Every structure is written in C-alpha cells, then in structure tokens.
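Asks: Sharing a structure here in structure tokens format.
The values are calculated or read from the model by the stated rules, or taken from the named source; none is laboratory data. Everything quoted here is computed from the prediction, not taken from an experiment. Don't worry about glycine lacking a Cβ; one is built from the backbone with ideal geometry, like all the others, and counts go over all protein chains shown.
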Amino acid sequence: MTPVHKKVVDLPPEMQSFNALNAYELGRDHIRVACQLSDVHEEVGEVAILRISMISMGVDLEDAFDEFAMAFHSTRTHRDVLLEIGGLVRLHTNSGWRTDVLKSSFLIGAYSLDTLADFVFGDDGHIWRFDGASAWSQDTVEASDRIFDMHGLSKDRLYAVGGNVLILKSRGRSWDRIEVRIGTDFRCVLVENDRVLVAGDHGIAGYLKDDEFVLFETSIESDILSICSFRGDIYFADSDFGVHVLSANAFEPVANLGYTYRLNANEWLTAACGEYIFQFDGASWRGIELSYSGGYKAEPFDTTFIK
C-alpha cells in the first residue's frame, strides 16, 4: 500500500518539488527567501520563509505555512505580503502576521509601498489595497484583464501591467488605462523618475515616457518576467536564457541561468531560478541550491557555467 502523506515535509526528496517565489538580500552575505515546497502533483504544500548565509550555508526557518503560495513581496523594512491560493493574504508588519481572505477572482500578485499601502491583484482587473484601514478594500479599475505586476515610487507614481497590453496608472483609489498598441501581455514593470519600463511575452520590452511608448531591440522571443535596476543599469530576466542588460535601447546577454523568475537588487543583483538562487556583484556570480531533507538546506552551486 502506498503511504499517505499529510504533510509535504514527510515525503522523500524524490517526490518533492522546490521553487523559490522570491529572494532578497539581507546584507552582504545573507539572503531571505520565500519558497514553495510541494509534492510533484501539487496536492500538499508548504510555504517557507528562510534566512540563509551565502558563506556558511546556514539556513534558519523564519516562518512556515501549510499552503500553496502565488506571490511574496517584501520591503527593506521587512513588511511582507504573502498571497496564497484561495484569496488568502498574509500581511507581516512589526506587530506580526495579519491574515485575511478576500472574496475575489483569482489573485496572483502582491506588492507593497512599505508603510504607505499594500496591494494584491490578479484576474478581471481586480486590485485590492490595504492602507492602514481596518480591512482590505477593492480599487476601481478601468479594465478587466489579468494584472501581473505592479511597481511605484509613491502613491502618485504607481503603475500596474497585465494582459492584452494593459498598463494602468494609479490616480488615488482609481486606475486609468494607458493605451499602447503592442499586441502582447505585459508581465513586469519598473518605474523610474522619468520613464516607466515594461516587458512581457515574446520578448517585447520598452518604456513609456510622456505618453509615448518606445520599443527596445531585445532580439529574444521568450517571455520577460522581471525588471530590475542595479548599479545604474537595467536588467531583465526571461523564461529561457536568464539575465540580460539594457545597452543603448538593446539587450545584451549577461548570464545563462535558464528560467529566471524574479530579480531584486541592493549591493547584489539577486535572481530566483526555481530551486537555485544566484547573486551578481557586477563582476562575478555566486549561487546556492535549495532543498529539503529533514529540514531546509542550502549548498554551494558551481557558477563556472555562467558566461
């Protein structure tokens, strides 16, 4: 008889699937990773938030939840938004975790403007906001497409992107659509002082400035999943090659990491790639492989393949 496992941590390693949702730098040699551990059929799962030393490979389990997660976003003050399947939202502040269940269509993304406002978003143009009130509330959105990503510098300079060339600009608690005639889904957005960079399916990327959209020459056909500013340059992550850098409105390959889901930056450019986390200091790369076997573990990963 096949044993019944009620928790994913009871499964043997060969029956487990491991995926990093997001990874953030915690100083020169430490990172914080939110990861999803599940069985290969995704019937049981655990979301874990880990603190990891990139030098000693020591792993500390900060929190764990018996759920399946859709997104994790953290600010530099460690204000966290963890979005789980079924509209369950966990918001972590100095006072601990707050848990709410939102009655909404399928929610897939999360973003926080730190103490100003927190957001979750997804299908049917739904955006939910928590801004210090007693409960989450839904914004008014002039669109019904799926929203994939959000980024901003303030409440007045906040943008979201999504399916069917969707670009939205926040105007208080309402969102206005900006018309762009490029036929693709936008997956990621990065707001700078004078322009808004967006990218998405089939290698489409560009920027919006003064209501004009300018395309970049990416020379790739894979989906672009993340944009990040690091040491004055703009980096993009895609679903096939890995990491590219923008140079004179064109893409140049940086690192062949394979499928790269998220980029974040401080002193390092940190890339989340499935069970692997890579960091780039502007000159060289280092990496770790994450796994579970009687506990969460990190091991050094050889980066000499990166070119």
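Asks: Hey, any hits in the range 42-51 for a residue that's within 24 Å of Asp281 (Cα to Cα) and surrounded by fewer than 16 Cβ atoms within 10 Å (Cβ to Cβ)?
Replies: Within the range 42-51 (the criterion being within 24 Å of Asp281 (Cα to Cα) and surrounded by fewer than 16 Cβ atoms within 10 Å (Cβ to Cβ)), the answer is yes, since at least one residue qualifies.
Asks: Here's a check for you: in the range 150-203, which residue that is on the phi > 0 side of the Ramachandran plot and either in contact with a Gly (Cβ under 6 Å, 6 or more places away or on another chain) or in a loop (DSSP other than H, G, I, E, B) (or both) is surrounded by the most Cβ atoms within 10 Å (Cβ to Cβ)?
Replies: Val165
Asks: Quick check on my filter: what residues within the range 133-156 are modelled with pLDDT of 95 or more and basic (Lys, Arg)?
Replies: Arg146
Asks: Quick one: Lys169 ticks every box in (1) closer than 19 Å to Ile227 by Cα; (2) in contact (Cβ under 8 Å) with a residue 12 or more places away in the chain except a single one, so which number is it?
Replies: Lys169 satisfies every listed condition except (2).
Asks: Within the group Gly274, Gly232, Gly242, which residue is of a type in the set (Gly, Ala, Ser) and over 20 Å from the mean Cα position of the chain (by Cα)?
Replies: Matching residue, one of Gly274, Gly232, Gly242: Gly232.
Asks: Just one of Ala110, Ala117, Ala133 is among the small types (Gly, Ala, Ser) and under 17 Å from Leu190 (Cβ atoms); which is it?
Replies: Ala110
Asks: I would also like to ask the following. List every residue pair whose Cβ atoms lie under 6 Å apart, where the two residues are 6 or more positions apart in sequence or sit on different chains, the first residue falls within the range 8-32 and is modelled with pLDDT of 95 or more and assigned to a loop (DSSP other than H, G, I, E, B), and the second residue, located anywhere, is crowded, with 20+ Cβ neighbours inside 10 Å and not charged (D, E, K, R).
Replies: Asp29/Met54
Asks: A follow-up question, please. Here is a check on your reading of the model: is Arg231 in contact (Cβ under 8 Å) with a residue 60 or more places away in the chain and of a type outside the set (Val, Ile, Thr)?
Replies: It is false that Arg231 is in contact (Cβ under 8 Å) with a residue 60 or more places away in the chain and of a type outside the set (Val, Ile, Thr).
Asks: Tally up the residues in the range 215-246 that are assigned to a strand (DSSP E or B), touching a Leu at 6+ places or on another chain (Cβ under 8 Å) and of a type outside the set (Ser, Thr, Tyr), please.
Replies: The qualifying residues number 9.
Asks: Further, regarding this structure: Can you tell me which residues in the range 277-307 are of a type in the set (Gly, Ala, Ser), part of a loop (DSSP other than H, G, I, E, B) and without any contact (Cβ under 8 Å) to a residue 24 or more places away in the chain?
Replies: Ala283, Ser284, Gly294
Asks: Let me ask something additional. Filter the range 184-215 down to the residues that are within 25 Å of Ala71 (Cα to Cα) and of a type in the set (A, V, I, L, M) and list them by number.
Replies: Across the range 184-215, the qualifying residues are Val189, Leu190, Val191, Val196, Leu197, Val198, Ala199, Ile204, Ala205.
Asks: Let me ask you something else. Note down all Cβ pairs under 7 Å where the first residue falls in the range 193-212 and is under 14 Å from Ala250 (Cα atoms), the second is modelled with pLDDT under 90 and assigned to a loop (DSSP other than H, G, I, E, B), and they're at least six residues apart or on different chains.
Replies: Partner pairs satisfying both residue conditions: Ile204/Ile182; Ile204/Thr184.
Asks: Enumerate the strands (runs of 3 or more DSSP E) found wholly within the range 69-111, keeping only those where 1 or more residues are acidic (Asp, Glu), touching a His at 6+ places or on another chain (Cβ under 6 Å) and buried (at least 21 other Cβ atoms within 10 Å of the Cβ).
Replies: Hits in the range 69-111: 80-84.
Asks: Here's a follow-up. Under the condition of being outside any strand (DSSP E or B) and among the hydroxyl-bearing types (Ser, Thr, Tyr), which residue from the range 247-268 is surrounded by the most Cβ atoms within 10 Å (Cβ to Cβ)?
Replies: Of all residues in the range 247-268, those outside any strand (DSSP E or B) come to 248-249, 256-261, 266-268.
After this cut, where a residue has to be among the hydroxyl-bearing types (Ser, Thr, Tyr) as well, the list is 259-261.
Values: Tyr259: 16, Thr260: 27, Tyr261: 17.
It comes out as Thr260.
Asks: On to the next question. Within the range 42-62, can one find any residue that is modelled with pLDDT under 95, touching a strand residue (DSSP E or B) at 6+ places or on another chain (Cβ under 9 Å), more than 29 Å from Glu14 (Cβ to Cβ) and in a loop (DSSP other than H, G, I, E, B)?
Replies: no
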